[in-house]
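Bear in mind that the values in this text are calculations on the coordinates, not laboratory data. On a predicted model such as this, the values are computed, not experimentally measured, just so you know. Backbone-built Cβ (ideal geometry, glycine too); neighbour counts: all protein chains shown.
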Amino acid sequence: MFSIWGAMVEILALPAGICLYAILRIFTYCGKKNRSSRSGQGVWQPNGMARLSCQDVDTCSRAVRALYAEPSLKEFPQRALAILSDVVPVSYATYNEITLQPRHMSVVYLPDRPEAASLVPRLEALVHTHPLAGQIHSTEPRRIVDVTTVRRFRETPVFREYYRYLNVTDQIGFSLEEGKQTRVMFVLNRDGTPFSARDRGVVSFLSPHFSQAYRNARAGAQLLADISKIGEGLAAIERAVLLATEEGRIVWSSGLAREWLLELFAESMKSGLRLPPAFITRMSLEKPKPVPPKSFFELQLAVNPEERLTARFIATPPGKFVIILDRERSAIGPKLVDSLGLTRREGEVLFWISEAKADCEIAAILGISPRTVHKHVEHLFAKTGISNRGAAQRLGLDLRRI
């Protein structure tokens, strides 16, 4: 490894003029390296957003790990707001859930804003006058200055009746995957320094992961609701479900789960009602001594070149796990791609959209430019008749499901 001080010792033996020149060259070189590192040989963001530095990418990676660590739907709003506030400094952040019929809005604040609770009815009545209201179906983050001026924002009814009491001067907003009757939107708020292109770039990097984490939380809540019906006859639910001990002994399994285990893990099932070794190993990794095990985690296995099995583990004390199995294709097959009138490359882009990848990530995976990926997405939308990325994700997942 190159050592500055080792090089200094070596050159001190040189004549004085050469010695001084060599020392200056070393510190000039090191200064350039440090500036290069700080400027960030990182990731280009789509749509002309700022380049993320290596430090930003590391921060985002930690945020993603924290985001997927605990999938509780009840705790999702507060946890997601805390993660967003850690990576982008804000005055406060909000999780806004809008029910369309009957129309209702609930808002979660971080940090808590008790004075804002009485103002929520005003926000609900005037939210349609917000400059970002047109972005409610978009998962792409937008700042106020991306759609209008700060002066015009201050002139809107929603600002005069709501935001001016909370000292808001700038915002970034983005939506999660939309449901039929519910819209979920995150809004970051500042009083003072406007949000920068870097801030928008970081939020854009993270927004697909927030959508995926929200889907995971909803899926987990739905699965827990399904499991709660065991006493009423879980066998009637067409899901592959197991109840097993932490040692791997299968206590109970649905008919579909038994069928899949015998088909995919015939050798390991010969020894009796025990989980495959990969399942037992995964459970053992969630039992670190200093802290209690996670209540929810996953295992993904490529059972053959064309198929993937996902096992979702839910801890149920004492020492047991409910395990839900799902099978899906590891790619969208050529016949399915052709049936939609898509090209091979558009099929690949649709697959990675279903994996909640952003355009810049898809570009890196496929070895093409983000602009080319954007064009493929436009063609994909036109050919399939869908209008947003959330619908494309659902389409891709439906095509992959077995």
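To the nearest 0.05, what FRET efficiency results for residue 57 and residue 369 with a Förster distance of 25 Å applied to their C-beta separation? After rounding, the FRET efficiency stands at 0.85. Distant-in-sequence amide contacts of residue 138, defined by a placed amide H-H separation under 5 Å and a gap of 5 or more residues or a different chain, comprise 175.
Per residue, the average separation of C-alpha pairs within less than 8 Å and at least 6 apart gives the range 54-204 a relative contact order of 26 percent. Kirkwood's formula applied to the C-alpha pairs of the range 249-402 gives a hydrodynamic radius of 17.8 angstrom. For the range 164-174, the Karplus equation 6.51 cos²θ - 1.76 cosθ + 1.60, evaluated at θ = phi - 60°, returns couplings of 5, 6, 10, 6, 9, 10, 8, 9, 10, x, 8 Hz by residue, with Gly and Pro reported as x. Close amide-amide hydrogen proximity is noted between residue 73 and 221, each under 5 Å apart and 5 or more residues distant or on a separate chain (H modeled in the peptide plane; Pro and chain starts excluded). Size estimate for the range 151-213 follows the Kirkwood approach: the inverse of mean 1/r over distinct Cα pairs works out to 13.3 Å.
Evaluating 6.51 cos²θ - 1.76 cosθ + 1.60 at θ = phi - 60° for every residue in the range 75-87, the Karplus couplings come out as 8, 4, x, 5, 5, 5, 5, 5, 5, 4, 5, 6, 8 Hz, glycine and proline recorded as x.
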